[in-house]
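The values are calculated or read from the model by the stated rules, or taken from the named source; none is laboratory data. Given the structure is predicted, the values throughout are model-derived calculations rather than measurements. Cβ placement follows ideal geometry from the backbone for every residue including glycine, while neighbour counts extend to all protein chains displayed.
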Amino acid sequence: MPGVLMAIGPEEDPACKRDILKALVDRAGDGPLGLAQVFSRDDEAPQGAYESALADLGVSDLRVVEFRERSSSSDPARLKAFDGVRGMVVVGDDQLTLSSQLGESALEARLRALLQDGGVVAGVAAGAGVLGAAMVMGDNLGTYHVACLHLSPGLGLSDLVIDQHFAEGACMGRLVAAVAMIPGTLGVAIDKNAALIIEDERMNVLGHGSIYVVDGLQTTHSNVGESDSQASISVHGLRLHVLNAEDAFDLRARTALPGGAIAH
């Protein structure tokens, strides 16, 4: 992947949000940025949530387009606004809405082409979760039972499984189970006020929060495929890495690099 992929967790600290968006702007370089707001027909899109922050960082040409139907994600007139952009930000409140509207659409094809051309694609909150190969679904974040785990296909811009709201939602069980279901995939969870940047087969951490990496490649046992769906999750042999902004992660070697972060 020649370009840069960013997965940004929920943001509450304005200063941290600015630092994370600055990393996006710096990597996109000169040129316009695109902001794709993907919501259902009944959802209310946030007004000015990113426009003002990006303007403060010197972005003078931000193309904002709303997508509220699957058909709109392949509408040439809407997509024309993104001609020539060097970076794209995808935002939305619901992962399933994002995946069902963007999957196999012309907008998804644009995101892939932008990455192949060396550009930057960033997803925020639910927009971060949809970037991966699969999405962890379900509202009951504190449950550790096999029956409560559901996976849905993501856009596959990364091979990771990406989850958010990790610290507040007791999501460890569902992320562990997701990795047990797809052992070769790394599961990554993003705290509030944290982001990860994937470039050159490395994952770097930004912000004040942590990134949790669950590696199931060496798993020796799991019960996620057994018939008793009410059983508590049992998985043996997992590796867990907890990273902050001082760390990096080598995706090819599946190894954490203390103090290995590149310049933000």
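Tabulated values for the structure
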item	result
Residue tally, condition over 23 Å from D191 (Cα atoms), modelled with pLDDT under 80 and of a type outside the set (D, E), over the range 11-43	1
Hits in the range 82-104 - residues which are of a type in the set (F, W, Y) and in a strand (DSSP E or B)	none
Which listed residue is touching a residue at least 12 places away in the same chain (Cβ under 8 Å), in a helix (DSSP H, G or I) and under 17 Å from the mean Cα position of the chain (by Cα), from L115, L79	L115
Odd one out for P46 among (1) at pLDDT 90 or above; (2) under 20 Å from the mean Cα position of the chain (by Cα); (3) under 19 Å from L21 (Cα atoms); (4) not small (G, A, S)	(1)
Test result for D215, modelled with pLDDT of 90 or more and surrounded by 18 or more Cβ atoms within 10 Å (Cβ to Cβ)	yes
Answer from A49, A55 - the residue that is within 16 Å of G127 (Cβ to Cβ) and either out of contact with any helix residue (DSSP H, G or I) (no Cβ under 8 Å at 6 or more places or on another chain) or β-branched (V, I, T) (or both)	A49
